[in-house]
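Worksheet for the structure shown next.
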Amino acid sequence: MGMIARLLLALLLLLGLGAPARADDISVAGRGVVRVVTIASADGEIVGFGHGSGFAVGPNRIVTNAHVVELAARYPANVVIGVVPSEGNKSYRGRLIAYDARRDLALIEFVGVRLPPLTLFPGPVTDGEPVIALGYPGNVDLATAQSAEDYIRPLSPVRSQGGFAGRRAMSGVDVLLHTASIARGNSGGPLLDQCGRVIGVNSAITRAEEGDSTFGFAIANTDFAAFLREHGQEAMTTGVSCVSAEDRLKQDEEEAARRDAERAATTQTETQRATELRTAALEAARARQYWLRENFIAGATLLLVLGALAVGGAGLAASQGQKRRARGALAGGVVLTVAAVVLFFLRPTGPVNVPASAAAAATPAPTTPIAYGKLSCRIIPERSRINLSRVQDVTLDWGKDGCMNASTQYAENGRKWERILVPRNDQTVSLLEYRPEARIYTDNRYYLTASQMERVRQLRGTVTVKACSASEADRLQLQQQQNAIRAALPGRPDEWLSYDCTPGS
């Protein structure tokens, strides 16, 4: 059996092996990059073979160059299109559903597996900005392929990096000029920014004659997006500026340090103000006590003087034979003297305490109360790394036992609640966290390879707590089961979306 015949047979059998990608933004994009193979036959004989690159814009749709699938467009009954993912163990047959020769773009649909779509970046590209090409250059294949089957065996795409060299027009199409190394076979593959977002579709290279430098041409995001719109193909798009995970982590640390410093300064100011208020209140209390004591003593002295005068008047009345008047004056003098003694001993003495009302006024206001119930959560971009996702504010209905929206049970982990979501089809795992005391909700997203997802799904199958439960034992079991899943995740997420939550209706 000839090499091309074996290739066709292997393609139709849809067999192959996979290879995982490295865990960075470019490798995340590489999960959705494919090799596109075309095999033409006539009267039972193989008459043509070609291959290029492509990438997913939907779970079952890929974009490539029109010239990669030109034979399929011209002779649909005689050309087989093969879609070879970058990971897994199979290849798939594709169907051409859109073809634009002027823009050199084509859209292919296939079934059998869901690929992670790449995200488009519609923003401007600055001169000299690093760009990365992903695809399957033919010169690499010629050097490494051991057999025809290697062309339909799932392999991670080849990456090359260069710089953005300018924007040009080529045959009426807006193109990006760049210096990332590409070759025949890269056609239809994505040109990415440093965060793995698509900024163009690689289409052509210049000829290197007499030592001239080689440049690549990529169909610009403007024409690419227009092509998708014209054919009703939705695509993930983000206009957020590219920030590496390391830079965002550093920014997060700096922001956290700044917030801690502000909180410390605020606490110090509030403590100082409280001290000043307590001191002032204490001084006022002491002054009042001194004033009261002096008034009590003055009153006692006055009563004592009046008592003495009354006793003296009683003696004078007695000497004049006015016994009844003398008895009344004596009794009044005794009462006044006793009152003076009592008033003297009732004078304010001892330590002075801050009045309760003043102490309450001097006490710093409590921190934000723990938030339960219905919450409106607003995304905080400066505390997040938003790279590929389309985000919007969220609403929560949070229960004190960690039940979210009356349907999803979270596990308690220290002062926060956690839940790991593992989807059935997509290759994205979310570690969701809620900190009630801070009213912060975080969605940590991990973009995994197919083999990593298979492992995580196996662990997810061991989780027995599906719905909300008031049982502490159930929540402890959920925490232990989630710890096993978490141990299988990378050390840090690829994206993290941070929200501030406030009570809402």
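Scan region 39-57 for residues that are open to solvent by 10 Å² or more (accessible area, probe 1.4 Å) and either within 12 Å of residue 106 (Cβ to Cβ) or not in a strand (DSSP E or B) (or both) and jot them down. The answer is 43, 44.
Out of 487, 450, 470, one residue alone is more than 24 Å from residue 499 (Cα to Cα), of a type outside the set (Val, Ile, Thr) and without any contact (Cβ under 8 Å) to a residue 40 or more places away in the chain. It is 487. Selection of region 303-333 for residues being open to solvent by less than 80 Å² (accessible area, probe 1.4 Å), over 25 Å from residue 293 (Cβ atoms) and either β-branched (Val, Ile, Thr) or outside any helix (DSSP H, G or I) (or both) yields 311, 321, 322.
For residue 463, indicate whether it is open to solvent by less than 50 Å² (accessible area, probe 1.4 Å), at pLDDT below 90, in contact with a helix residue (DSSP H, G or I) (Cβ under 9 Å, 6 or more places away or on another chain) and of a type outside the set (Lys, Arg).
yes
Checking region 447-465 against the condition returns a match, with at least one residue being among the β-branched types (Val, Ile, Thr), under 30 Å from residue 27 (Cα atoms) and touching a strand residue (DSSP E or B) at 6+ places or on another chain (Cβ under 7 Å). Of the residues making up region 116-128, those that are part of a loop (DSSP other than H, G, I, E, B), closer than 16 Å to residue 388 by Cβ, open to solvent by 10 Å² or more (accessible area, probe 1.4 Å) and not aromatic (Phe, Trp, Tyr) are 116, 117, 122, 123. With respect to the conditions (1) closer than 27 Å to residue 481 by Cα; (2) of a type in the set (A, V, I, L, M); (3) open to solvent by less than 50 Å² (accessible area, probe 1.4 Å), residue 388 falls short on a single one, namely (1). Candidates 131, 113: the one that is modelled with pLDDT of 90 or more and not in a strand (DSSP E or B) is 113. Entry remark, region 176-215: residues being touching a His at 6+ places or on another chain (Cβ under 7 Å), at pLDDT 95 or above and open to solvent by less than 10 Å² (accessible area, probe 1.4 Å) number 1 in total.
Against the test of being surrounded by fewer than 17 Cβ atoms within 10 Å (Cβ to Cβ), of a type in the set (D, E, K, R) and either within 32 Å of the chain's Cα centre (by Cα) or at pLDDT 85 or above (or both), the options 35, 31, 22 yield a single qualifying residue, 22.
Only a single criterion out of (1) of a type in the set (A, V, I, L, M, F, W, C); (2) touching a helix residue (DSSP H, G or I) at 6+ places or on another chain (Cβ under 8 Å); (3) in a helix (DSSP H, G or I); (4) open to solvent by 50 Å² or more (accessible area, probe 1.4 Å) is not satisfied by residue 240, namely (3).
The values are calculated or read from the model by the stated rules, or taken from the named source; none is laboratory data. This structure is a prediction, so every number in the text was calculated from the model and none was measured. A quick note on method: Cβ atoms are made from the backbone with ideal geometry, for glycine too, and the neighbour counts reach across all protein chains shown. When the accessible area is computed, the model is the full protein with side chains, heavy atoms only, and any ligands, DNA or RNA have been set aside. Shrake-Rupley method; radii C 1.70, N 1.55, O 1.52, S 1.80 Å.
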